[in-house]
Structure formats: structure tokens, C-alpha cells
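Read through the structure below, which is laid out as C-alpha cells, and then see the notes.
Each value in this text was obtained by applying a stated rule to the coordinates, not by laboratory testing. All figures in this text were calculated on a predicted structure; none of them were measured in a lab. Because the Cβ atoms are built from the backbone with ideal geometry, glycine has one as well, and the counts that use them run over all protein chains shown.
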Amino acid sequence: MTSSAYVTICTYRARAGEEDAIVALHEDWQRTLRARARGYLSGELLHDTGSPLVIVAIARFESEADARALAQDPDYAAWHRRLASLAEVEPACVTYVSDWCDTRLPVL
């Protein structure tokens, strides 16, 4: 199945003992801010099985403009500052355009 989306992938290293807080913060975003994120398609949080403090956050949007609008939201900025406080260094983010996606993957 083909798809086009604007994708942000952020990689960071959690402070030791803050892994659960990072997951909880992403769950809180889902409950409190997601509805305001225009064009938000999906997100995923991964941890490296060999180094569990290494975390990758993937967010998919309909467009770059939608992702930028969220980044400029003051509540999102506060959420992001909280996330950065749980990491050893500021998350490194890279943006992509998705050319293909298998949407039949199970949602856990």
C-alpha cells in the first residue's frame, strides 16, 4: 500500500531510571494533546533491546505544515521541555517523507 506522510524520528538516551516516565509522558500526550495535533497520523515509541536507555520516537503527519504547527504550540513546547529533562541530552530529530508504508501492521 502506498502512502505519503511527513515523518519525524527523534532519538535520545533516557536518564537512568526515567524510562517509565518517558513512556508515561508519551501516553499523556496521547490523552491530552493529540486531539489538537492537526494532521497527526500516528506515533510510536521504541527502545533499543541491546541498550534500553536508547529511545526512538516516531511521529507521522499528513504534512510538514501540520508537524510545524504542533511544534509551535506552547503546550507542546512545554511537553517537549519535560521530555528533554528526562533525557541525557536534547533529542536528536530528523525529518523524512514517507514513500511507502504497510498499514496492515498490528497495533499493540
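Taking a sphere under 11 Å around the Cβ of Arg13 and counting the other residues whose Cβ falls inside, with K and R at +1 and D and E at -1, yields a net charge of -4. Taking the dipole about the Cα centre of the chain, with the C-beta of Lys and Arg at +1 and of Asp and Glu at -1, give me whichever of Ala65, Pro52, Ala21 is farthest to the positive side. Of the candidates, Ala65 comes out farthest on the positive side.
Label separation (Glu62 vs Glu19): 3.7 nm, computed from points 7 Å beyond Cα along the C-beta direction. By the equivalent-ellipsoid construction on the alpha carbon gyration tensor, the chain comes out with semi-axes of 22, 17, 13 Å, ordered largest to smallest.
Kindly provide the trypsin sites (Lys or Arg not before Pro) of region 49-108 that DSSP labels as loop, not H, G, I, E or B, and whose Cβ sees at most 15 other Cβ atoms within 10 Å. Please list the in-between numbers first.
Numbers: sites: Arg60, Arg68, Arg81, Arg82, Arg104; in loops: Arg104.
The qualifying sites are Arg104.
In region 25-103, what GluC sites (Glu not before Pro) fall in a loop by DSSP, with at most 14 other Cβ atoms inside 10 Å? The qualifying sites are Glu62, Glu88. Report summary: the helix-based calculation at 222 nm, which adds -39500 (n - 2.57) for every DSSP H run with n ≥ 4 and divides by the residues of the chain, gives -9500 deg cm²/dmol.
For Glu44 and Ala71 in the same chain, what is the full-extension length gain: residue separation times 0.36 nm, less their Cα-Cα distance, in nm? Working shown, then result.
Values: separation 27, 0.36 × 27 = 9.72 nm, distance 1.73 nm.
Between Glu44 and Ala71, full extension yields 8.0 nm more.
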